[in-house]
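Trainee: One structure, as structure tokens, below. Some questions next.
The values are calculated or read from the model by the stated rules, or taken from the named source; none is laboratory data. Quantities reported herein were computed from a predicted structural model and do not represent experimental measurements. Counting neighbours? That spans all protein chains shown, and the Cβs are built from the backbone with ideal geometry, glycine included. Side chains are part of the model used for accessible areas, which takes the heavy atoms of the whole protein and leaves out ligands, DNA and RNA. Shrake-Rupley method; radii C 1.70, N 1.55, O 1.52, S 1.80 Å.
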Amino acid sequence: MSEGDPRRRLPSVDALLDRPEVEPWLDRYGRSPVRSALREALELGRSAPPAGEEEEIARALLESAEDILSRMFRPSLRPVLNGTGVVLHTNLGRAVLAPEAIAAQRRAAGYGNVELDLASGSRGSRYDHCVSLLRELTGAEEALVVNNNAAAVALVVNEFANGTEVVVSRGELVEIGGSFRMPDVVTRSGGILREVGTTNRTRIEDYEGAARGAGLLLRVHPSNYRVEGFAERPRLEDLVGLARRAAVPLAHDVGSGLLCPELLPGFPYEPTVMGSVAAGTGLVTFSGDKLLGGPQAGLIVGRAELVRRLRRNPLLRAFRVDKTTLAALEATLSLHRDPAVAATRIPTIRMLRESAEGVRSRAREAAEAVPAAPPAGVEWSTEATRAVVGGGSFPGFELESAGWIISGLDADMLAGACRAADPALIGRIEEGCFVVDMRTIPPGDEPLAAAILAAAVDEAWGGSAGRPGAEGSLDSAPGERG
Ligand SMILES: *Cc1c(COP(=O)(O)O)cnc(C)c1O
């Protein structure tokens, strides 16, 4: 190293550690991560020494260390803006919790009467907490909350058909979200799958021969696909009658957990929990984070003697629901007591109900408020779009929606720039254009979404300028959108 070598002016880790700027980092991150960030910054400084005098060099090193620290401590789980127009987007965490549910979750994070009966001081059960609300909202005698609906189905099969047959229609052997395949869940839970009927048609007579001696009759709502045309399956009432005659419990996995059809006027038919209970189904299972709009949970409601058996199953311990989940679920269920409250306070329901005109004006206003026009050749327009419910609910059903459409840019590059923002903005690509659907952007977040998109457009424009093909995508983009 020569006299003039700037590396000679690099301070030591200890000298940097002693600087006043570092003090708050020590409180926030702890000594050992700060030390390793400083070491890493110095290492970088050695291969590309910062310019300037000692003080400037030290400041540059601290700046680099701060970057390293913030990257080190950046959480893996981060909030994103959902511009996909998929309301219940499983990859983006499905339901958005209501403010009341978030507040309840915070309160529950500390000590609480999770398993303590405050009146008597004796031991209570965590499975008592949402029961009266679920009884009230569904008309069922008894209820049980587990981790998710897959666990609910597994528990039901394991309790009633461990080593015996589970009778399911061939038209209902669904796969949900890749890893939940009904035949596998039945088998892994100890049940012996007994398929009846055909893919498109299953009659009550098909069940009759199989019911006697079976452990469980299982009806599954094929929530994420539709069989159209020459299709038939027995009425739920007929299955209830058969289950009674054969003395075999009937479980109905309704999936989405719609409590009240009036909440979603104009939507296609979806079985309701209450409807299934009223028809006489022994056990109804559904998700907490689909149309209910609550936290990830599996809800089981039904006849008291059947649900009580589930409460004694040892597997319940493995499917145990967390206290913060219970709190959020209780708050969400409470909002469902009044449909008018549910419609405005539960984000999932509000997003599904918002008028296309309402979505459009939110999109238009925020786009107009963006100060700078998009770069030359790039078009940013507010247009009609199509949103979907998602979460395997209402397959094929589309909601009229509105959003921003960016054309004249490499859509993949733009999508990447939006994902790299903080928070990330997730959109979709349609016919070479980048689409941000405003239905799933919460009111109040439109300006933030617009600012992220504007910055990403600039970035992608800079990145794609002069790239071959940039011209072509500019010409072909508008007018092609369906
Ligand atoms: C979504 C769904 C499930 C799985 O529910 P999770 O809460 O995601 O475990 C099971 N059955 C049906 C019919 C569904 O729609």
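Yes/no per residue for (1) more than 20 Å from residue 240 (Cα to Cα); (2) of a type outside the set (Phe, Trp, Tyr); (3) within 16 Å of the ligand (Cβ to nearest atom); (4) at pLDDT 95 or above:
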site	(1), (2), (3), (4)
122	yes, yes, no, yes
139	no, yes, no, yes
157	no, yes, yes, yes
160	no, no, no, yes
177	yes, yes, yes, no
197	no, yes, no, no
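Trainee: Please specify each residue of the stretch 49-86 satisfying the condition of being within 15 Å of the chain's Cα centre (by Cα) and either assigned to a strand (DSSP E or B) or buried (at least 17 other Cβ atoms within 10 Å of the Cβ) (or both).
Mentor: 80, 81, 82, 83, 84, 85, 86
Trainee: Do we have any residue at all in the stretch 308-328 that's within 16 Å of residue 132 (Cα to Cα) and surrounded by fewer than 20 Cβ atoms within 10 Å (Cβ to Cβ)?
Mentor: Checking the stretch 308-328: at least one residue is within 16 Å of residue 132 (Cα to Cα) and surrounded by fewer than 20 Cβ atoms within 10 Å (Cβ to Cβ).
Trainee: Something else: Cβ contacts < 7 Å: first residue touching a residue at least 24 places away in the same chain (Cβ under 8 Å) and of a type in the set (D, E, K, R), restricted to the stretch 79-102; second residue open to solvent by less than 60 Å² (accessible area, probe 1.4 Å) and not in a strand (DSSP E or B), any location; separation 6+ or different chain. Result?
Mentor: Matching pairs, first to second residue: 94/289; 94/290; 94/391; 100/331; 100/335.
Trainee: Here is a check on your reading of the model: is residue 241 open to solvent by less than 30 Å² (accessible area, probe 1.4 Å), more than 16 Å from the ligand (Cβ to nearest atom) and among the small types (Gly, Ala, Ser)?
Mentor: Yes, satisfied.
Trainee: Regarding the stretch 317-324, can at least one residue be identified that is part of a helix (DSSP H, G or I), in contact with a helix residue (DSSP H, G or I) (Cβ under 9 Å, 6 or more places away or on another chain) and at pLDDT 95 or above?
Mentor: Checked the stretch 317-324: at least one residue is part of a helix (DSSP H, G or I), in contact with a helix residue (DSSP H, G or I) (Cβ under 9 Å, 6 or more places away or on another chain) and at pLDDT 95 or above.
Trainee: List every residue pair whose Cβ atoms lie under 9 Å apart, where the two residues are 6 or more positions apart in sequence or sit on different chains, the first residue falls within the stretch 388-404 and is closer than 15 Å to residue 266 by Cα, and the second residue, located anywhere, is open to solvent by 20 Å² or more (accessible area, probe 1.4 Å) and within 11 Å of the ligand (Cβ to nearest atom).
Mentor: Pairs that qualify, where the first residue is closer than 15 Å to residue 266 by Cα and the partner is open to solvent by 20 Å² or more (accessible area, probe 1.4 Å) and within 11 Å of the ligand (Cβ to nearest atom), are 388/395; 389/395; 393/224; 395/222; 395/224; 395/225; 396/225.
Trainee: Could you check the stretch 266-294 and list, in sequence order, the residues that are open to solvent by 10 Å² or more (accessible area, probe 1.4 Å), more than 13 Å from the ligand (Cβ to nearest atom) and either touching a residue at least 40 places away in the same chain (Cβ under 8 Å) or among the polar types (S, T, N, Q) (or both)?
Mentor: 267, 268, 272, 274, 277, 278, 279, 280
Trainee: Would you be able to say whether some residue in the stretch 163-171 is within 16 Å of the ligand (Cβ to nearest atom) and surrounded by fewer than 20 Cβ atoms within 10 Å (Cβ to Cβ)?
Mentor: Looking through the stretch 163-171, at least one residue is within 16 Å of the ligand (Cβ to nearest atom) and surrounded by fewer than 20 Cβ atoms within 10 Å (Cβ to Cβ).
Trainee: Within the bounds of the stretch 32-46, is there any residue that is modelled with pLDDT under 95 and not hydrophobic (A, V, I, L, M, F, W, C)?
Mentor: For the stretch 32-46, residues modelled with pLDDT under 95 and not hydrophobic (A, V, I, L, M, F, W, C): present.
Trainee: Let me ask something else. Write out, first by first residue and then by second, each pair whose Cβ atoms fall under 7 Å of each other, whose residues are 6+ apart or on separate chains, and whose first residue, in the stretch 213-224, is in a strand (DSSP E or B) while the second is within 7 Å of the ligand (Cβ to nearest atom) and β-branched (Val, Ile, Thr).
Mentor: 220/174
Trainee: Separate question: Out of the stretch 295-313, which residues are away from the ligand (no atom under 11 Å from the Cβ) and either in a loop (DSSP other than H, G, I, E, B) or within 12 Å of the chain's Cα centre (by Cα) (or both)? Don't jump to the end; show me each part of the working.
Mentor: In the first step, residues of the stretch 295-313 are kept if they are away from the ligand (no atom under 11 Å from the Cβ); the result is 300-313.
Once the filter is applied, which keeps residues that are away from the ligand (no atom under 11 Å from the Cβ) and either in a loop (DSSP other than H, G, I, E, B) or within 12 Å of the chain's Cα centre (by Cα) (or both), the stretch 295-313 yields 303, 312, 313.
Trainee: While we're on this one: Residue 218 - would you say it is open to solvent by 30 Å² or more (accessible area, probe 1.4 Å), within 17 Å of residue 286 (Cα to Cα) and within 12 Å of the ligand (Cβ to nearest atom)?
Mentor: no
Trainee: Still on this model: Quick check: is even one residue across the stretch 363-373 assigned to a helix (DSSP H, G or I), open to solvent by 30 Å² or more (accessible area, probe 1.4 Å) and free of Cβ contacts under 8 Å to residues at least 12 places away in the same chain?
Mentor: Scanning the stretch 363-373, I find at least one residue that is assigned to a helix (DSSP H, G or I), open to solvent by 30 Å² or more (accessible area, probe 1.4 Å) and free of Cβ contacts under 8 Å to residues at least 12 places away in the same chain, so the answer is yes.
Trainee: Please work out which residue is surrounded by the most Cβ atoms within 10 Å (Cβ to Cβ), limiting yourself to the stretch 189-212 and to residues that are out of contact with any strand residue (DSSP E or B) (no Cβ under 7 Å at 6 or more places or on another chain) and closer than 24 Å to residue 306 by Cα.
Mentor: The qualifying residue surrounded by the most Cβ atoms within 10 Å (Cβ to Cβ) is 189.
Trainee: Here's a check for you: in the stretch 87-120, which residue that is hydrophobic (A, V, I, L, M, F, W, C) and open to solvent by 50 Å² or more (accessible area, probe 1.4 Å) is farthest from the chain's Cα centre (by Cα)?
Mentor: That would be 119.
Trainee: Tell me, which residue of the stretch 425-435 that is in contact (Cβ under 8 Å) with a residue 60 or more places away in the chain and open to solvent by less than 10 Å² (accessible area, probe 1.4 Å) is farthest from residue 456 (Cα to Cα)?
Mentor: 435
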